[in-house]
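Student: The structure's right below; bear with me while I get my questions together.
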Amino acid sequence: MGTAGKGKPAAAGGVALLVLAVWLLPTVARAQLRVGFYDTSCPNAEALVRQAVAAAFAKDAGIAAGLIRLHFHDCFVRGCDGSVLLTVNPGGGQTERDAAPNNPSLRGFEVIDAAKAAVEQSCPRTVSCADIVAFAARDSIALTGSVSYQVPAGRRDGRVSNASDALADLPPPTFTAKNLTDLFAAKNLSVEDMVVLSGAHTVGRSFCNSFVNRVWDQSATPPKAIVDAGLSASYAALLRALCPSNTTRETLITTAMDPGTPNVLDNNYYKLLPRGMGLFFSDNQLRVDSAMAALVSSFAANEALWKDKFAAAMVKMGRIQVQTGTCGEVRLNCGVVNPSSAAVEMVGSSAPAAGEGGVATS
C-alpha cells in the first residue's frame, strides 16, 4: 500500500510533464525558425534565391504573383513543408500540385528548381525546398511592392503530398465570410490576417472557371447572362466578353485579378472592392461582413499600413505547422522525396545547421 501510494504522485507528475511537453510543441517548433538560419552553413543561400527570382521576373513579371501564391498554397496544406512541389506521391495517388486548386493555375515551380540547383551547387544538402519557397515569395513581394522583410528559416521538407489535402485545405473562390474565417482560424490566422493576405489578389491572373458563375448562369439552356451580387454590371460585361458561356476547367483564358495595376503589389485591391470589382465571390465577402469591410476601408486609405501588416502576416503564415530539426528532410530534388539512403545521410549532415530539438507540430 505504502509503495503504491508513493508511486501515484510520481505517475501524476509524469503525466503532467507529458501534457506540458505536448502543449509546448508548437512553441518549440516556432523557436527553431530563425532569421539568418543559414548564415554559417550557407551564407549566400538567400542571395542565390534572390538572383533566381530576379532573373525569372526580368523575363516575366507575372511570375512574382505565382511565387507568392505558391508559398500560400504550400503552407495551407500540411504546413510550410514544400509538399506542394512534389511531383510523385510515395504513397501513390495524385499530389497537391495535381489537385484542381493548383492545376493548371499554380506556377513558379521552375524558378524554385533553378534556385535549388544554384544553392545545391554552392551548399550541397543544406537548404530546404520549403525555405526556398518562403525566400522566393519574400523576394517576389520586394520586386512587385518594394516591401522587404526578414524570413525566419529552418523549415524541413515533408515527405507526403496528397491531392485530397489540397482540396480540403485551400479556400475556393466560392467561400463565404464564415468559411474564410473558419479556415484561417484553423491555421491560427485571424480575421485581420485573412483580409490582409487577401490583398495579394492585387497581383496575378485567374482562369475564367474561377469566376464564370458570377457572370453566366450555366445551368440555363442556353446559358444566361447574369450579374452576381456585389459585382459591377460594367465589370461583369467585360468578364462575360472575355469568358465564353461554356467555360470549363479546361478553358485556359485568364484575366488580371487587379485590372488597374496587375503586376504591382499595392492596395488597389481594397479600392476596387467597394466599386464592385472584386473578381471572386470570396473577394466580395470582405464587403459583406462588417468587421472585414472596416479593414478593407482602412487598407484602401492607407497603403503603408497594409504593407506593414502584409509582411507580418506572411511571416506568421510561414510558421504554419513547420517541420524542423531532424523531422522531415532536406530534399536533393524539390520534386521528389529523397531515396531512403540519402534521407538518412541528409539528416546526419544537416541536423547541426537546423538546430537541436526541433519538432513537427503536425
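The values are calculated or read from the model by the stated rules, or taken from the named source; none is laboratory data. Everything quoted here is computed from the prediction, not taken from an experiment. With ideal geometry, Cβ positions are generated from the backbone for all residues, glycine too; neighbour counts draw on all protein chains shown. Calculation scope for accessible area: heavy atoms of the full protein, side chains included, ligands and nucleic acids excluded. Shrake-Rupley method; radii C 1.70, N 1.55, O 1.52, S 1.80 Å.
Student: Restricting the first residue to the stretch 285-313 and requiring it to be free of Cβ contacts under 8 Å to residues at least 24 places away in the same chain, which pairs with a second residue that is open to solvent by less than 20 Å² (accessible area, probe 1.4 Å) meet a Cβ separation below 7 Å and a spacing of at least six or different chains?
Tutor: Listed pairs, sorted by first residue: Ala293/Leu286; Leu305/Phe299.
Student: Taking only the stretch 107-146 into account, find how many residues are open to solvent by less than 10 Å² (accessible area, probe 1.4 Å), among the small types (Gly, Ala, Ser) and within 13 Å of Leu332 (Cα to Cα).
Tutor: So the answer is 3.
Student: So, restricting to helices (runs of 4 or more DSSP H) that lie completely within the stretch 13-76, which ones have at least 2 residues that are at pLDDT below 95 and surrounded by fewer than 19 Cβ atoms within 10 Å (Cβ to Cβ)?
Tutor: By residue number, 25-32.
Student: Take the stretch 174-222 and flag every residue that is within 18 Å of the chain's Cα centre (by Cα), within 17 Å of Pro101 (Cα to Cα) and surrounded by fewer than 20 Cβ atoms within 10 Å (Cβ to Cβ).
Tutor: Within the stretch 174-222, Phe175, Asn179, Leu183, Arg205, Ser206 meet the criteria.
Student: Moving to a separate point now. Given the conditions (1) touching a helix residue (DSSP H, G or I) at 6+ places or on another chain (Cβ under 6 Å); (2) open to solvent by 10 Å² or more (accessible area, probe 1.4 Å); (3) more than 24 Å from Ala65 (Cα to Cα), and given that Ala229 satisfies all but one, which numbered condition is not satisfied?
Tutor: Tallying (1) touching a helix residue (DSSP H, G or I) at 6+ places or on another chain (Cβ under 6 Å); (2) open to solvent by 10 Å² or more (accessible area, probe 1.4 Å); (3) more than 24 Å from Ala65 (Cα to Cα), Ala229 fails exactly one: (1).
Student: Could you please give the count of residues in the stretch 237-261 that are out of contact with any strand residue (DSSP E or B) (no Cβ under 6 Å at 6 or more places or on another chain), under 21 Å from Ala293 (Cβ atoms) and at pLDDT 95 or above?
Tutor: Matching residues across the stretch 237-261 total 1.
Student: Related question: Which of the numbered conditions does Cys80 fail, given that it passes all the others? Conditions: (1) part of a loop (DSSP other than H, G, I, E, B); (2) open to solvent by 50 Å² or more (accessible area, probe 1.4 Å); (3) modelled with pLDDT of 95 or more.
Tutor: All conditions are met except number (2).
Student: Let me ask something additional. Any residue in the stretch 241-263 that is assigned to a helix (DSSP H, G or I), within 22 Å of Leu106 (Cα to Cα) and without any contact (Cβ under 8 Å) to a residue 40 or more places away in the chain?
Tutor: From the stretch 241-263, those assigned to a helix (DSSP H, G or I) are 241-242; that's our starting set.
Subset that is within 22 Å of Leu106 (Cα to Cα): 242.
Remaining after also requiring without any contact (Cβ under 8 Å) to a residue 40 or more places away in the chain: 242.
Yes, there is a match, as at least one residue in the stretch 241-263 is assigned to a helix (DSSP H, G or I), within 22 Å of Leu106 (Cα to Cα) and without any contact (Cβ under 8 Å) to a residue 40 or more places away in the chain.
Student: Does the stretch 122-139 contain any residue that is free of Cβ contacts under 8 Å to residues at least 40 places away in the same chain and within 24 Å of Thr255 (Cα to Cα)?
Tutor: No, every residue in the stretch 122-139 fails to be free of Cβ contacts under 8 Å to residues at least 40 places away in the same chain and within 24 Å of Thr255 (Cα to Cα).
Student: Tally up the residues in the stretch 91-106 that are open to solvent by 40 Å² or more (accessible area, probe 1.4 Å), outside any helix (DSSP H, G or I) and either within 21 Å of Arg319 (Cα to Cα) or in contact with a helix residue (DSSP H, G or I) (Cβ under 6 Å, 6 or more places away or on another chain) (or both), please.
Tutor: Number of matching residues: 1.
Student: If you check Val111, Val119, which single one turns out to be under 23 Å from Gly325 (Cα atoms) and hydrophobic (A, V, I, L, M, F, W, C)?
Tutor: From the options Val111, Val119, the qualifying one is Val119.
Student: Report yes if Lys309 is over 30 Å from Pro152 (Cα atoms), among the charged types (D, E, K, R) and surrounded by 17 or more Cβ atoms within 10 Å (Cβ to Cβ), otherwise no.
Tutor: no
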